[in-house]
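Participant: Shown below is the structure under consideration.
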Amino acid sequence: MRKLLSECIHCGIGKINIKKVEEIISYNNDNVLIEVEAEVCDYCAESYYEPETIRYFERIRKELKSKENK
């Protein structure tokens, strides 16, 4: 992951660092905990994800949804 931001867009105060974060992807009663890299503000903890990470989240949610339809 390459660092794209230098300061937080959300709070305007914090500096951005690349960190491993845990995200919970949910659909109805199903939950998946995944660990991904994100750019995270050291002041307000806002997380920024690369487009491929967001597509990964969407793919997991789609799989959870399709599991329910079976």
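The values are calculated or read from the model by the stated rules, or taken from the named source; none is laboratory data. Fair warning: this is a prediction, and the values are worked out from it, not measured in the lab. Glycine gets a Cβ as well: all are built from the backbone with ideal geometry, and neighbour counts include every protein chain shown. Side chains are part of the model used for accessible areas, which takes the heavy atoms of the whole protein and leaves out ligands, DNA and RNA. Shrake-Rupley method; radii C 1.70, N 1.55, O 1.52, S 1.80 Å.
Participant: Would you mind finding the one in Glu63, Glu23, Glu50, Glu46 that is surrounded by 11 or more Cβ atoms within 10 Å (Cβ to Cβ) and in contact with a His (Cβ under 6 Å, 6 or more places away or on another chain)?
Facilitator: Glu46
Participant: OK, next. Does segment 1-15 contain at least one residue that is within 13 Å of the chain's Cα centre (by Cα), of a type in the set (Val, Ile, Thr) and open to solvent by 40 Å² or more (accessible area, probe 1.4 Å)?
Facilitator: No; the residues of segment 1-15 include none that is within 13 Å of the chain's Cα centre (by Cα), of a type in the set (Val, Ile, Thr) and open to solvent by 40 Å² or more (accessible area, probe 1.4 Å).
Participant: Which of the residues belonging to segment 26-43 are exposed (fewer than 11 other Cβ atoms within 10 Å of the Cβ) and within 23 Å of Leu5 (Cα to Cα)?
Facilitator: Glu35
Participant: Is there any pair linking a residue in segment 3-27 that is over 9 Å from Glu39 (Cα atoms) to one that is assigned to a loop (DSSP other than H, G, I, E, B) and among the acidic types (Asp, Glu), with Cβ under 6 Å and at least six apart or on different chains, and which?
Facilitator: Cys8/Glu46; His10/Glu46; Gly14/Asp42; Lys15/Asp42
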